[in-house]
1. Hey, got the average number of other protein chain Cβ atoms within 10 angstrom for residues in A:124-133?
2. Within 10 Å of each Cβ of A:181-187, how many other protein chain Cβ atoms are there on average?
3. Please quote Rg/Rh for region C:5-113 to two decimal places, taking the Kirkwood radius as Rh and restricting both calculations to Cα atoms.
4. Any chance you could run the full-extension gain for residue A:232 through residue A:209? It's 0.36 nm times the residue separation minus the Cα-Cα distance, nm to one decimal.
5. What full-extension length gain, to one decimal in nm, is calculated for residue A:98 and residue A:53 as 0.36 nm per residue of separation minus the Cα-Cα distance?
6. Running a GNM on chain A with Cα contacts under 10 Å, which residue among A:167, A:48, A:39 ends up with the highest mean-square fluctuation?
7. Relative to the compact globular guide of 2.2 N^0.38 Å, what is the alpha carbon radius of gyration of the protein assembly as shown, as a ratio?
8. Within 10 Å of each Cβ in B:64-71, how many Cβ atoms from other chains are there, averaged over the peptide?
């Protein structure tokens, strides 16, 4: 058995142990030595078993002990590098009940960034100012939220918010295939922030500004033809701001995760 | 009001596999609202999936790497360009060997199947690797006969 | 998180080492791990003959296909089989493109796949 210790440049609290060969019970001493070398501030260990031929149950037991230590430090010990052939070879029944398993170390690091560092992830979409494009865009954002673990209710609300903001951006902006609407999404485990910017149509700015007047925001009549979208966005979000000072109108919202 | 062709949509997202399912479905829906057939949309969904998987697996060296997918939708075709943020020499060698040599699914069921599918589903596939090891893949897929719509 | 897929298991009367597995959703790079583990567990538990019902499998990509080929290979190594039935046109086309139709046991109907076990 051999072990290669890989430090991660911008992640002082995470480390990768790349084992190879046979991890049987007489290698426990070597495994313990490896763990004793790591810095005390490390709380996330990725055990890469891609080149491992066998793992004995006593080694799994030992790793469980180290996992407990990492969890106590607010982190985890996870297994990476398991694909189907390794799984059948190692006969790892039930391993997923004990450890979190990732196909490769990078996915394990991504999970660390998201779950432990609570790192926000950014998505940028640019699309033409056309109402027909809005449904695919709103579903994209809703699906991303679901994929990142947000519940159905939060994802559905986000879909509504994106729909309303983008419809407004199309309605109040210049249209044409060459002009695009830019949507930036920042998502972390607690909240989503969205910025939607169009190219403003000067002729439509007066009506937009009228909608944005405080009295309209606080007292929207539901039977009015306009302004319902903005009222809905306001109700569904935790923060809403509109900036019409540049060549485009930017709407910024923040939505805190509820579920 | 109908959509005016051509138009361009771009998405930039973190180099993580979990973003790919929403993105490939997004492209499929874009094509359907642009009056392409469900079959064309489905096949394009596969192309997007495979090229994004390759970009994530081969072209994301750092943990904050991003992938950019650009779709140019014309009346008769779609063109995809996918840019990654740099790869290692080993990854690129592996990628190039897959590009040069068609794979045999019986022998190697893990690598290269994706690009083979992309090749079969599109008219043209170009892979450009620049001096900084940044990879850009450009794919053209034409609309099928009107009967298939 | 994973793309959506659900596996539904059923036993087949009178056949102790067979499991019928319904695949519902999309099989792709984000969920092959989970699916692999589940199928692998079935094979290791002695269900060496697996009949996969693909009626509700909407989507498969090359990673998913690679895994299906693995299932077939592993089942054969255990003197069993991995049979696919009710496959939709889109999914079949992808398997065909890769030239894997001859590497997988594909049946039109579920009954045919069950019958082939005898």
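1. Other-chain Cβ atoms within 10 Å of each residue's Cβ, averaged: 6.
2. The per-residue average across the peptide is 1.
3. 0.92
4. Contour length minus the Cα-Cα distance gives 6.6 nm.
5. Values: separation 45, 0.36 × 45 = 16.20 nm, distance 1.97 nm.
Here the segment from residue A:98 to residue A:53 would lengthen by 14.2 nm.
6. A:39
7. That ratio works out to 1.06.
8. 2
Every number here is computed from the coordinates shown, using simple stated rules; none is lab data. If you're wondering where the values come from, they're calculated on a predicted model, not measured in any experiment. Cβ coordinates were reconstructed from backbone atoms using ideal geometry, including for glycine residues, and neighbour counts include every protein chain displayed.
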